[in-house]
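Every read-out reported here was derived from the displayed coordinates using simple, explicitly stated rules and does not represent laboratory data. What you see is a predicted model; the values in this text were computed from it and never measured. Cβ placement follows ideal geometry from the backbone for every residue including glycine, while neighbour counts extend to all protein chains displayed.
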Amino acid sequence: MPKLEIRNVERRFLGQDQQVNALDKVSFDVEAGEFLVLVGPSGCGKSTLLNIIAGLEKADFGEVLIDGKPVTKPGPDRALVFQDGALFPWLNVRKNVEFGLRQKGVPKGQASERAMYFLDQVGLAKFAENDLYTLSGGMKQRVAIARVLALEPEVLLMDEPFSALDAITREDLYAEVQHLWQGRGATIVFVTHNVREAVTLGDRVLLMASDPGRVQWELPLNILRPRHIDDVDVARVARQLAQAMRRGRETYTKEGWSHDEFEEIDILRDLDSALGDRSG
Amino acid sequence: MIFFAILIALWAIVADRRVWDPMLFPSPWKVAQTFGADLADGSLLNATGISLRRVLLGYGISLAIGVPLGIVLARSKMVEDTVGSLVSAFQSLPSICWLPLALLWFGLNDRAILFVVVAGSLVSIAIAVQDGVKNLPSTYVKAALTMGTPPWRIYTQVLLPASLPSILTGAKLGWGYAWRALMSGELLFVSLGLGQLLMQGRELADMSQVLAVMIVIMILGLITDRLVFGSLERHVRRRWGLAGA
């Protein structure tokens with residue numbers, strides 16, 4: 001059974017003069033231990049979809065199942081890392097990481113111990129007693145990741161967590177996230193608009209399109225890990241993905257992809273499996 | 001400090017030259033003398049004690065009701081549409097306008113003055129807190145919900161600590177209003193306290209007493225502003241990483 005099942009999820013917003021289909025019958029599965037990336041332009045509903053999976057928003061139609069059980073409200077089994085980190089400035093670094101554990105009723109000493117363990121995992125153990133304002137943007141996002149890892153969620157949701165960071169910091173975090181993910185075997189759903197980032201991180205990439213928000217196609221990636229954003233394979237696949245994305249925006253019709261587009265995807269698949277063979 | 005020394009020196013010179021009638025414009029020495037005498041016979045300390053007790057009690061009630069009210073106003077559309085408009089209406093009412101009502105309800109006593117103090121400060125505290133909570137990043141609440149905080153505990157676990165800076169702003173504002181409301185109340189009906197001491201100075205045409213009491217009121221204001229709120233603000237601003245830390 002898949003870890004996460006998204007079944008015919010629809011979401012509509014009331015626009016200025018008509019209903020906007022933020023999400024139109026979106027369905028896909030996420031396997032346990034998979035690193036899935038949702039990539040798409042702004043307005044394709046990828047963040048809305050993540051909020052629905054988190055239980056923060058309700059779908060107008062369809063449902064989300066985790067281990068076969070429908071999601072009805074937010075909970076620590078689907079912890080979310082926000083773009084702005086959403087750390088609490090009234091708590092110091094350690095207490096931010098302890099927060100979720102304390103909500104679960106974990107005793108203070110034990111929560112503190114676990115917080116320190118996860119802070120150590122993201123390389124921030126010696127900043128445990130610091131106030132947040134003393135940290136850089138990258139360090140804050142590491143705290144946000146530690147805070148969520150400490151809850152040991154079934155599924156880790158990440159909403160453009162690195163988009164506000166500078167390039168160097170971002171690259172460090174790509175390596176760290178891959179390392180943490182491989183070490184813990186977590187299931188991750190990661191949202192981004194950055195194609196390079198998607199190819200660097202994902203086991204599988206779902207390309208989303210807007211108006212109506214939908215999954216356009218999926219691309220499994222077997223590129224050897226750990227990947228770096230400047231790896232030749234990553235760059236090549238990312239470029240083709242970006243091209244397909246651009247072309248898709250022009251040629252996609254209600255009926256589906258044109259024949260040319262299918263060829264394009266086949267080429268990508270071939271390329272991908274060739275890369276996979278070499279790495280495996 | 002030097003600024004105040006120059007100010008007092010100027011005052012002394014003007015008073016010495018007898019530009020105005022010394023009855024109406026006493027010298028700093030005369031005021032200091034009256035201040036000393038009032039201090040010695042205990043009337044000043046007594047009045048200050050009574051006024052402070054009243055303002056602290058009324059202000060405490062305002063904080064205890066105003067802060068939760070502000071948070072609820074910011075969170076509930078229904079409460080905002082109903083109670084919120086009432087709160088805005090009350091805000092346009094100067095606190096002293098409550099005095100006739102308070103006098104009829106409670107009579108000439110401490111309860112009436114307490115009522116005026118609460119009426120003067122509660123609403124401004126609630127509105128400042130409401131504004132602050134409304135401007136919080138929505139991700140705070142979302143983050144807490146995804147980390148397993150039940151919705152009813154969001155208030156104490158997230159909204160209350162997160163809005164500490166705006167609570168402080170509201171508290172400072174509320175303190176000013178409470179203090180003003182108290183002074184107006186004490187001036188208007190005789191019932192001990194600094195306001196009455198001020199009025200007594202007027203009745204005895206003793207300008208030096210009027211000035212001495214005014215200075216005491218200003219010093220009290222300065223102390224609370226600088227020492228109490230100043231240090232709290234510094235602490236919160238530093239922790240929140242706000243400018244000027």
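Tabulated values for the structure
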item	result
Residue in the stretch B:227-238 that is loosely packed, with under 13 Cβ neighbours inside 10 Å and more than 14 Å from every other protein chain (Cβ to nearest Cβ) present	yes
Residue, farthest from the chain's Cα centre (by Cα), within the stretch B:115-152, restricted to residues that are part of a helix (DSSP H, G or I) and within 8 Å of another protein chain (Cβ to nearest Cβ)	B:Thr146
Selection status of A:Thr200, under 22 Å from A:Val234 (Cα atoms), buried (at least 18 other Cβ atoms within 10 Å of the Cβ), touching a Phe, Trp or Tyr at 6+ places or on another chain (Cβ under 7 Å) and among the polar types (S, T, N, Q)	yes
Sole residue being of a type outside the set (Asp, Glu), in contact with a Ser or Thr (Cβ under 7 Å, 6 or more places away or on another chain), crowded, with 21+ Cβ neighbours inside 10 Å and not in a loop (DSSP other than H, G, I, E, B), chosen from A:Val234, A:Val205, A:Val189	A:Val234
Test: residue in the stretch B:25-46 that is closer than 30 Å to B:Ala212 by Cα, aromatic (Phe, Trp, Tyr) and loosely packed, with under 14 Cβ neighbours inside 10 Å	yes
Subset of the stretch A:65-83 (residues that are more than 7 Å from every other protein chain (Cβ to nearest Cβ), in a strand (DSSP E or B) and closer than 28 Å to A:Arg170 by Cα)	A:Val81
Per-region count, the stretch B:158-206, residues surrounded by fewer than 19 Cβ atoms within 10 Å (Cβ to Cβ), without any contact (Cβ under 8 Å) to a residue 40 or more places away in the chain and within 14 Å of another protein chain (Cβ to nearest Cβ)	1
Subset tally (residues that are hydrophobic (A, V, I, L, M, F, W, C) and surrounded by fewer than 18 Cβ atoms within 10 Å (Cβ to Cβ)) for the stretch B:97-131	6
